[in-house]
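Right, one structure below, let's go through it.
The values are calculated or read from the model by the stated rules, or taken from the named source; none is laboratory data. All figures in this text were calculated on a predicted structure; none of them were measured in a lab. Cβ placement follows ideal geometry from the backbone for every residue including glycine, while neighbour counts extend to all protein chains displayed. Just so you know, the surface numbers come from the protein's heavy atoms only, side chains and all, with ligands and any DNA or RNA stripped out. Shrake-Rupley method; radii C 1.70, N 1.55, O 1.52, S 1.80 Å.
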Amino acid sequence: MTQNKNILISGPCSAETEKQLVDTALQLKDTGLVDYLRAGIWKPRTNPGGYEGAGVKGLSWLLNAKNETGLKTATEVATGKHVEDCLNFDVDLLWIGARTSVNPFSVQHVADALKGTDAMVFIKNPVNPDLKLWIGALERIQKAGITNVGLIHRGFSSYGNSEFRNAPLWQIPIEMKRLFPEIPMICDPSHITGKRARIFEISQKSLDLDYNGLIIESHISPDEAWTDKDQQITPSQLKIGYENLVWKKKTTDLPDFQLQIDEFREQINFYDDELLSLIRSRMNIAEKIGQLKRSNNVTVLQNNRWNEILLKSIVKGKQLKLSEEFVKSMMELLHVESIRLQNEIHEL
Ligand code: PEP
Ligand code: MN
């Protein structure tokens, strides 16, 4: 079920030809679901030699698609010149891509070009998982006097194989939402998954985290797309997938719900307190170990012991139905803190 407050941006990764763009836009219009037609006009490519976008002539296609369908338009900007070109072609929403939000010089360049306009600007998370860079990019745009801003969670690149093209690392957008509760956050499941089969699973997850909408790549003929073909879907697949999404309520006033959730939350608070006290007890022992190592001139880091702790915790975690990824991250945090305390003792 759709709700008007949730924004849906869809369209091809890249504007390839006028026909491809207008035909996709017409089909998207027919779904009755899409608010903004997206299309990349300037494409940041990892390697040279790929399709780098249609450039300014693509903006005239985008304008024609807007005139034919009545859909508002959206594209990525990376420079001040891009901003000017887009405003000349009446683009309704500009977004700053992940390879741009990572670079404060580029963001400032875009911000300077935005001064004095009433543009609507969305900022993608930077490619690397750096919350401060994302905040910095947002603040540069806000300081330019732009109030109509939003955020796009498109995942974070990592080295080696991963189940995602860009790992979602949900804790980062969750923290961003906590710090900026008034700023809409939308999800880009296409660039997170890189695979069309998982787009709606990730979309649902974002809606369950109370996101304000989605940006999903769609193409009249995805297998023939010039960029990102594995993650694009047809407008009719978009309609089917989107209509199956479940939009949950923020909360409910039903007394039964309130009673039960209050009780559960009390229990969670109790366990959180217990956890912290247990961690303090563990750190007390770590400090004693630190003193013992110091008086015997033994190194703080003991790799064999750390390996042993990690392996046994993962096995125990499995028995308790705690994921390996979670147990590993949690034990790493504990270990780093324990090392920090022991280092303090060694520096005394
Ligand atoms: C895009 O939206 O097509 C794109 C290039 O995205 P990102 O900046 O997230 O890689
Ligand atoms: Mn793309």
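Estimated at 0.36 nm per residue, the fully extended path between Asn148 and Tyr51 surpasses their Cα-Cα distance by 31.8 nm. The listed residues Phe257, Phe89 rank as Phe257, Phe89 when sorted by accessible area, largest first, using a 1.4 Å probe. The H on the amide N of Thr73, modeled in the peptide plane, is under 5 Å from the matching H of Leu37, Asp92, Leu93, each at least 5 residues off or on a different chain. At an R0 of 51 angstrom, the distance between the Cβ atoms of Leu63 and Glu263 translates into a FRET efficiency of 0.35. Residue ranking by accessible heavy-atom surface, 1.4 Å probe, largest first, among Asp253, Asp272 comes out as Asp253, Asp272. From most to least packed by mean Cβ count within 10 Å, the peptides 177-183, 191-197, 162-168, 118-124 give 118-124, 191-197, 162-168, 177-183. Relative to one another, the C-alpha centroids of the range 156-207 and the range 263-313 are positioned 32 Å apart.
Working from the Cα coordinates of the chain, the gyration tensor eigenvalues give, after taking √(5λ), semi-axes of 44, 24, 20 Å in decreasing order.
With a 1.4 Å probe and every protein chain kept in, tell me what percent of the accessible surface of the chain is carbon plus sulfur. Here it works out to 54 percent.
Taking all protein chains together and rolling a 1.4 Å probe, Ile135 ends up with roughly 30 Å² accessible. Among all helices in the chain defined by DSSP H, which have a length of 30 Å or more along the axis from Cα atoms plus a Kyte-Doolittle mean of at least -1.0? Answer set is 255-295, 324-347.
Taking the DSSP bridge list for the chain and keeping only pairs wholly inside it, about 5 percent are antiparallel.
Remark: spin-label model distance Leu333-Lys19 equals 5.5 nm, labels positioned 7 Å along the Cα→Cβ axis.
In a fully extended conformation the segment linking Leu310 and Asn88 would gain 74.2 nm over its present Cα-Cα distance, using 0.36 nm per residue.
Other residues lying with their Cβ under 12 Å from the Cβ of Met283 contribute a combined charge of +1, Lys and Arg counting +1, Asp and Glu -1. Computed over all pairs of different Cα atoms, the Kirkwood value for the hydrodynamic radius of the range 255-346 is 15.4 Å. The residues of the range 7-243 have, on average, 42 Å² of accessible surface per residue, using a 1.4 Å probe with all protein chains present. Placing a label point 7 Å from the Cα of Arg282 along the Cα-to-Cβ line, the residues of the range 327-345 whose backbone N sits under 12 Å from it are 327-339. Computed from backbone phi with θ = phi - 60° and the Karplus coefficients 6.51, -1.76 and 1.60, the 3J(HN,Hα) list for the range 188-195 is 10, x, 5, 7, 5, 7, x, 9 Hz; x is used for glycine and proline.
Calculated FRET efficiency, Asp208 and Asp253, Cβ-Cβ r, R0 22 Å, to nearest 0.05? The formula returns an efficiency of 0.65 here.
The residues of the range 255-346 present an accessible area of 80 Å² per residue when probed at 1.4 Å with all protein chains retained.
Close amide H contacts of Ile152 (hydrogens built in the peptide plane, cut-off under 5 Å, sequence separation of 5 or more or a different chain): Ile123, Lys124, Asn125, Ile186.
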